[in-house]
1. Can you say whether Gly236 is under 15 Å from Tyr299 (Cβ atoms), assigned to a loop (DSSP other than H, G, I, E, B), in contact (Cβ under 8 Å) with a residue 24 or more places away in the chain and not assigned by TED's automatic domain parsing to the domain that holds Gln133, as far as the supplied structure shows?
2. Could you tell me which residue of the stretch 293-319 is nearest to Asp41 (Cα to Cα), considering only residues that are touching an Asp or Glu at 6+ places or on another chain (Cβ under 9 Å), not acidic (Asp, Glu) and not in a loop (DSSP other than H, G, I, E, B)?
3. Take Ser278 and decide whether it is of a type in the set (Gly, Ala, Ser), in contact with a strand residue (DSSP E or B) (Cβ under 6 Å, 6 or more places away or on another chain) and either within 19 Å of Tyr156 (Cα to Cα) or surrounded by fewer than 24 Cβ atoms within 10 Å (Cβ to Cβ) (or both).
4. In this structure, is Thr193 within 19 Å of the chain's Cα centre (by Cα), touching a residue at least 12 places away in the same chain (Cβ under 8 Å), closer than 30 Å to Leu35 by Cα and in a loop (DSSP other than H, G, I, E, B)?
5. So is Gly349 surrounded by fewer than 16 Cβ atoms within 10 Å (Cβ to Cβ) and either more than 16 Å from Ser217 (Cβ to Cβ) or modelled with pLDDT of 95 or more (or both) or not?
6. Condition test on Gly336, is it modelled with pLDDT of 90 or more, closer than 21 Å to Asp227 by Cβ and either out of contact with any strand residue (DSSP E or B) (no Cβ under 8 Å at 6 or more places or on another chain) or not in a loop (DSSP other than H, G, I, E, B) (or both)?
7. Kindly indicate which of Ala260, Ala290, Ala322, Ala282 is assigned by TED's automatic domain parsing to the domain that holds Ser226, part of a loop (DSSP other than H, G, I, E, B), in contact (Cβ under 8 Å) with a residue 24 or more places away in the chain and among the small types (Gly, Ala, Ser).
8. Among (1) touching a helix residue (DSSP H, G or I) at 6+ places or on another chain (Cβ under 8 Å); (2) free of Cβ contacts under 8 Å to residues at least 40 places away in the same chain, there is one condition Asp337 misses while meeting the rest; what is its number?
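The values are calculated or read from the model by the stated rules, or taken from the named source; none is laboratory data. Being a predicted model, the structure only gives us computed values, none of them experimental. Neighbour counts run over all protein chains shown; Cβ positions are idealised from the backbone, glycine included.
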Amino acid sequence: MTAAPTPTPLSPPAAGPAAAPVHEHITDAIKAPALVRLDGDTVLARFETMKVYAALGAVRTLLRRGRIRPGQTLIDSSSGIYALALAMACHRYGLRCHIVASTTVDSVMRAQLEVLGATVDQMPPSSSLRLDQERRVRHVRRLLAGRPDMYWMRQYHDPVHQAGYGEFAALVDAALPGERLTVVGAVGTGASTGGLTRALRATGRAVRLVGVQPFGSVTFGSERFSDPEAIIAGIGSSIPFGNVRHALYDTVHWLDFRHAMAGTVGLLRDHAVFAGLSTGAAYLAGGYEAARRPGGGPYLLLGPDTGHRYAERVFARHREAADPAELRPQRIGTPGDLRPPWSVLEWAGRQAPPGAVHTEDTEGEPA
């Protein structure tokens, strides 16, 4: 049985209430994370939806460059989180939005998109994530062929989606000053971890980047494995991503669904933080990294979304979750040594595995 968490010492009362900003649009209110200290030097950046940074940064940049214009329709495929961020950015800047939705988009998310003015085409149930992704890509291409006025955002391949994370980097730099910093986060599209790390390194900081992957993802070469329970969206992909810059990553952790679930449930149990599966995976990997390198400076864990869409698949099964304190990874020396359920490799800036190189022939839009 897991021991009760140690109570946090009472903080002294604040000197006085600070004036709360009045935001011009909801995107300004939800884009910045809550920064929560977990253990020692470990801090969680917990977002309602981190992809607001990606969508706002991309839309603003494209408008400024004249690549898109007010009133135009932006189109992309998504499993939900980016779709909502893009719909809100379009709402803010007077653009139309069309989403080719994964079969995994639920009725609540679809209703939000439609009320925001987005039109939604949802794919039918599929036997695999890859088939779902490929169907969506084909549908996007059919729509573009008939509607040349649409603009395909290509969030997984267009580096414009990294632009917004410079603002997040400035927030991190002010909140966690110093020479060294370790960033731990799900790789996913590569835009958040890559955009944040590049912006921080540009200031001269020594930033170590730890990426988290599921088994079955091509991004760092684990596609030969199968994890039937894995919810791969937001952590990895079955097709190559153009926005992943493999050479940025110092360390990579691969975790199966059960380990990610243990981290997700453990984060709620130990710190009262209700967050998604990729946040739990980062919590497990980050805790291991911080324990292995004590005194190595702040560890920033990225928590890109809340736990609501994992209520049934993860939180309702909390009694099945292992205690994170009892879990340890297998340290490996080469990608060929990779094996479930949890492996860690000092990636040390290696280039992309052959199957993870994005070309026009591998063009696609994953979950």
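1. So Gly236 does not fit the description; no.
2. Tyr299
3. It is true that Ser278 is of a type in the set (Gly, Ala, Ser), in contact with a strand residue (DSSP E or B) (Cβ under 6 Å, 6 or more places away or on another chain) and either within 19 Å of Tyr156 (Cα to Cα) or surrounded by fewer than 24 Cβ atoms within 10 Å (Cβ to Cβ) (or both).
4. No.
5. yes
6. Criteria met by Gly336.
7. Going through Ala260, Ala290, Ala322, Ala282 in turn, the sole match is Ala322.
8. (1)
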